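J.: Take a look at this one; I'll ask things after.
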Amino acid sequence: MIKEIQLRVTLQEEKQDDILLKKSARFLHINPKDITGIKLLRKSIDARKVKIIFNYKVAVYIKEQMPESSAYEFNYKDVSKAKSIHIIGFGPAGMYAALRCIELGYRPIVLERGKNVKDRRRDLKAINQDHFVNEDSNYCFGEGGAGTYSDGKLYTRSLKRGDVRRIFENLVLHGATEQILIDAHPHIGTNKLPKVVQNIRETILKYGGEIHFESRVTDFIIKENKIKAIQLQNNIEMAVERIILATGHSARDIYYLLHKKNIALKAKSFAMGIRVEHPQHIIDSIQYHCSGKRNELLPAASYNLVHQINGRGVYSFCMCPGGFIVPAATANGEVVVNGMSPSKRNNPFANSGIVVEINVDTDLPKYERFGVLKGLEYQKDLEGLAFTSGGRNQTAPAQRLTDFVEGRLSTNLNETSYQPGLKSAPLHSLLPKLIGGKLRKGLEVFGQKMKGYYTNEANVVGVESRTSSPITIPRNENLEHPEIKGLFPCGEGAGYAGGIVSAAMDGERCAEAAIKGL
Ligand SMILES: Cc1cc2nc3c(=O)[nH]c(=O)nc-3n(C[C@H](O)[C@H](O)[C@H](O)COP(=O)(O)OP(=O)(O)OC[C@H]3O[C@@H](n4cnc5c(N)ncnc54)[C@H](O)[C@@H]3O)c2cc1C
């Protein structure tokens, strides 16, 4: 017999090895010896009150063997001689599109502008230490896409768009910890992600797929509204029948190319702001109601904040407990910040984007002349402003949180995890009022919601500009571009995903759509 039950475990009880066995037996009024196994289904922490509780959902096996296999089987086929689908971009969307093609018996040929995870690491070092951005290999471009050097947070709100559990089990198959199947807020960590990504590459190659790194797609050859070929940066042309375009939201050259070719695009609303960085112990003490070090059984605390100011959302985005702020620019001449964390989340800083919704229909009158590209041009200008005010390299403009809100230049800044360094700048007056004004009000309110959050021990760092795509590449009910046959816009860059998991799910769906009738 199998019984699914919920258990509540206190911090003190959590230390005991057999606590779930004891609690399950007591809950079910059975002898612990009759329990043959306990499968963890879900674990979350309830820290709303001083007494912190771990909530467990478990399946208790009573006088019955616990199965070892996972719910999913990934039935990869030898596709070396099968029909091909070309996939542009090897981020989560491209990787999962390729894996799904192989399951369905089609051969993925992947073109990726960046380098493999190992070689990519050198280019990240160059950004951090030499302030040099390789425009094809950086925190956004390269094997695994923008998701590789990230926090690897795996929660998504896109539950209706696909099977999240299937994506998680596939990550586990490729080396992610099984803990992601259980945690309410699962994450992998930047130190573990490259290996998972590399294992996915090896599966694709093993079953006959192709992956070409350092292969930037620079043109589409279209005849009679049908995609016929793609051109690479070295002028090599490749005949194609169907392409899945999964180039992410930082591939501005792709938006410009499509626009130049009169292929329909749509402006999309998005969000921009800054990244705020606190010492982790401040966030721990607020969230866990403690002073000094947090209990060793508790993970670095996180937060999720949102407030409406005059009908506009100001919210925290991509919070990285125990993490680093990273330089996520994809070109020289711009400063863009983002966040990542190692699997243990044991860095002494907590950072999070704090962003303001930008409505492309009403907020950007000065940019109307750019048509569908208006949001992108606005984003670019803000990143250029961060570059000049940061000192014309990857050093980022920053201010103490209280100085930013109260409108004065910081005479000095707090320590930071951001390796290229910070430069004091009057972000309160530099940022457009639409963003700066709302952020200042929002941060003040966040300080009321979380006592201790509003502190001069935190820095705000500019700019967090790549939260989501400012453009949608339209597609019809078959997930194909309505004007161009054989073009399947996919993932975050096309406007159909926001994060690793939703991009992966969209990749699978696009693969299923692209093989139809091939
Ligand atoms: C630092 C950082 C931290 C993040 N942390 C998280 C997190 O913790 N959790 C989360 O869910 N999300 C996180 N994100 C966002 C997440 O990484 C993206 O949502 C996700 O990667 C989008 O997947 P994608 O496949 O659609 O696009 P991308 O991951 O952007 O991949 C696109 C790929 O296409 C390639 N490409 C672009 N142009 C071309 C071209 N012309 N030719 C060939 N290849 C091309 C790029 O090199 C890139 O590899 C983070 C992002 C960053 C930058």
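The values are calculated or read from the model by the stated rules, or taken from the named source; none is laboratory data. A quick note: this is a predicted structure, and the numbers were derived from the prediction, not measured. Cβ: placed from backbone, ideal geometry, glycine included. Neighbour counts: every protein chain shown. With ligands, DNA and RNA removed, areas are computed over all heavy atoms of the protein, side chains included. Shrake-Rupley method; radii C 1.70, N 1.55, O 1.52, S 1.80 Å.
J.: Taking into account only those residues within region 100-109 that are part of a strand (DSSP E or B) and in contact with a Lys or Arg (Cβ under 9 Å, 6 or more places away or on another chain), which is surrounded by the fewest Cβ atoms within 10 Å (Cβ to Cβ)? Step through it out loud before you land on a result.
T.: Just the residues of region 100-109 that are part of a strand (DSSP E or B), to begin with: 107-109.
From the residues that got through so far, the ones that are in contact with a Lys or Arg (Cβ under 9 Å, 6 or more places away or on another chain) too are 107-108.
Numbers: ARG107: 22, PRO108: 28.
By that ranking, first place goes to ARG107.
Okay, residues lined up against (1) away from the ligand (no atom under 14 Å from the Cβ); (2) touching a Gly at 6+ places or on another chain (Cβ under 9 Å):
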| site | (1), (2) |
| --- | --- |
| ILE282 | yes, yes |
| GLN287 | yes, no |
| ASN295 | yes, no |
| ARG312 | yes, no |
| VAL337 | no, yes |
| PRO348 | yes, yes |
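J.: Let me ask something additional. Could you tell me which numbered condition LYS51 fails, if it satisfies all but one of (1) modelled with pLDDT under 95; (2) at positive phi?
T.: Unmet condition: (2).
J.: Considering only residues that are among the acidic types (Asp, Glu) and either within 29 Å of the chain's Cα centre (by Cα) or within 16 Å of the ligand (Cβ to nearest atom) (or both), which ones fall in region 67-120?
T.: Narrowing region 67-120 to residues among the acidic types (Asp, Glu): 68, 73, 78, 103, 112, 119.
The answer is GLU73, GLU103, GLU112, ASP119.
J.: State whether one or more residues within region 224-234 are part of a strand (DSSP E or B), among the polar types (S, T, N, Q), more than 27 Å from the chain's Cα centre (by Cα) and within 15 Å of the ligand (Cβ to nearest atom).
T.: Step one: of region 224-234, the residues part of a strand (DSSP E or B) are 226-232.
Pick out the ones that are also among the polar types (S, T, N, Q) and you get 231.
Filter again for more than 27 Å from the chain's Cα centre (by Cα), leaving 231.
Add one more test, that the residue is within 15 Å of the ligand (Cβ to nearest atom), and what stays is 231.
Yes, region 224-234 contains at least one residue that is part of a strand (DSSP E or B), among the polar types (S, T, N, Q), more than 27 Å from the chain's Cα centre (by Cα) and within 15 Å of the ligand (Cβ to nearest atom).
J.: Now a separate question. Scan region 469-518 for residues that are aliphatic (A, V, I, L, M) and either within 12 Å of the ligand (Cβ to nearest atom) or in contact with a Gly (Cβ under 7 Å, 6 or more places away or on another chain) (or both) and jot them down. It would help to see each step written out before you state the result.
T.: Step one: list which residues in region 469-518 are aliphatic (A, V, I, L, M), which gives 471, 473, 479, 484, 487, 494, 497, 500-501, 503-505, 511, 513-515, 518.
Hits for region 469-518 are ILE471, ILE473, ALA494, ALA497, ILE500, VAL501, ALA503, ALA504, MET505.
J.: Under 6 Å between Cβ atoms, which residue pairs at least 6 apart in sequence (or on different chains) link something in region 119-139 that is modelled with pLDDT of 95 or more and of a type in the set (Val, Ile, Thr) with a partner that is away from the ligand (no atom under 11 Å from the Cβ) and open to solvent by 50 Å² or more (accessible area, probe 1.4 Å)?
T.: Listed pairs, sorted by first residue: VAL133/ASN332.
J.: I'd like the full set of residues that are open to solvent by 50 Å² or more (accessible area, probe 1.4 Å) and within 31 Å of the chain's Cα centre (by Cα), limited to region 397-422.
T.: Correct list: GLU415, GLN419.
J.: Which of the residues that make up region 1-25 are touching a helix residue (DSSP H, G or I) at 6+ places or on another chain (Cβ under 8 Å), of a type in the set (Val, Ile, Thr) and over 18 Å from LYS49 (Cβ atoms)?
T.: ILE5, ILE19
J.: Only residues that are farther than 15 Å from ARG252 by Cα and either open to solvent by 10 Å² or more (accessible area, probe 1.4 Å) or of a type in the set (Ser, Thr, Tyr) (or both): list them for region 322-341, please.
T.: Selection gives PHE324, ASN338, MET340, SER341.
J.: Looking at (1) away from the ligand (no atom under 16 Å from the Cβ); (2) surrounded by fewer than 24 Cβ atoms within 10 Å (Cβ to Cβ); (3) of a type outside the set (Asp, Glu), which is the only condition GLY442 fails?
T.: (2)
J.: Any residue at all in region 58-66 that is open to solvent by less than 10 Å² (accessible area, probe 1.4 Å), within 16 Å of the ligand (Cβ to nearest atom) and of a type in the set (A, V, I, L, M)? Lay out the reasoning, then the answer.
T.: To start, the set of residues in region 58-66 that are open to solvent by less than 10 Å² (accessible area, probe 1.4 Å) comprises 58-60.
With within 16 Å of the ligand (Cβ to nearest atom) added as a condition, the list becomes none.
No.
J.: Also, I was wondering about something else. How many residues does region 284-311 hold that are in a loop (DSSP other than H, G, I, E, B) and either open to solvent by less than 40 Å² (accessible area, probe 1.4 Å) or touching a helix residue (DSSP H, G or I) at 6+ places or on another chain (Cβ under 9 Å) (or both)?
T.: Residues of region 284-311 that are in a loop (DSSP other than H, G, I, E, B), as a first pass: 288-305, 310-311.
Those still in the list that are either open to solvent by less than 40 Å² (accessible area, probe 1.4 Å) or touching a helix residue (DSSP H, G or I) at 6+ places or on another chain (Cβ under 9 Å) (or both) too: 288, 290-295, 297-298, 300-303, 305, 310.
Within region 284-311, residues that are in a loop (DSSP other than H, G, I, E, B) and either open to solvent by less than 40 Å² (accessible area, probe 1.4 Å) or touching a helix residue (DSSP H, G or I) at 6+ places or on another chain (Cβ under 9 Å) (or both) number 15.
J.: Could I ask something else about it? With the structure loaded, tell me whether GLY94 is farther than 16 Å from GLY498 by Cα, open to solvent by less than 10 Å² (accessible area, probe 1.4 Å) and not β-branched (Val, Ile, Thr) or whether it fails that test.
T.: Details: farther than 16 Å from GLY498 by Cα: no; open to solvent by less than 10 Å² (accessible area, probe 1.4 Å): yes; not β-branched (Val, Ile, Thr): yes.
So GLY94 does not fit the description; no.
J.: Filter region 342-392 for residues that are more than 24 Å from HIS131 (Cα to Cα) and hydroxyl-bearing (Ser, Thr, Tyr); which is surrounded by the fewest Cβ atoms within 10 Å (Cβ to Cβ)?
T.: Checking each candidate, the answer is THR362.
J.: Of the numbered conditions (1) over 18 Å from TYR454 (Cβ atoms); (2) within 16 Å of the chain's Cα centre (by Cα), ASN304 fails exactly one; give the number of that condition.
T.: (1)
J.: Still on this structure, please answer the following. Just to verify a result, which residue in region 253-264, among those that are within 9 Å of the ligand (Cβ to nearest atom) and out of contact with any Asp or Glu (no Cβ under 8 Å at 6 or more places or on another chain), is nearest to ASN134 (Cα to Cα)? Can you show your working first?
T.: Narrowing region 253-264 to residues within 9 Å of the ligand (Cβ to nearest atom): 253-254, 257.
This time we only want the ones that are out of contact with any Asp or Glu (no Cβ under 8 Å at 6 or more places or on another chain), so: 253-254.
On the way: ASP253: 15, ILE254: 17 Å.
Among them, the one singled out is ASP253.
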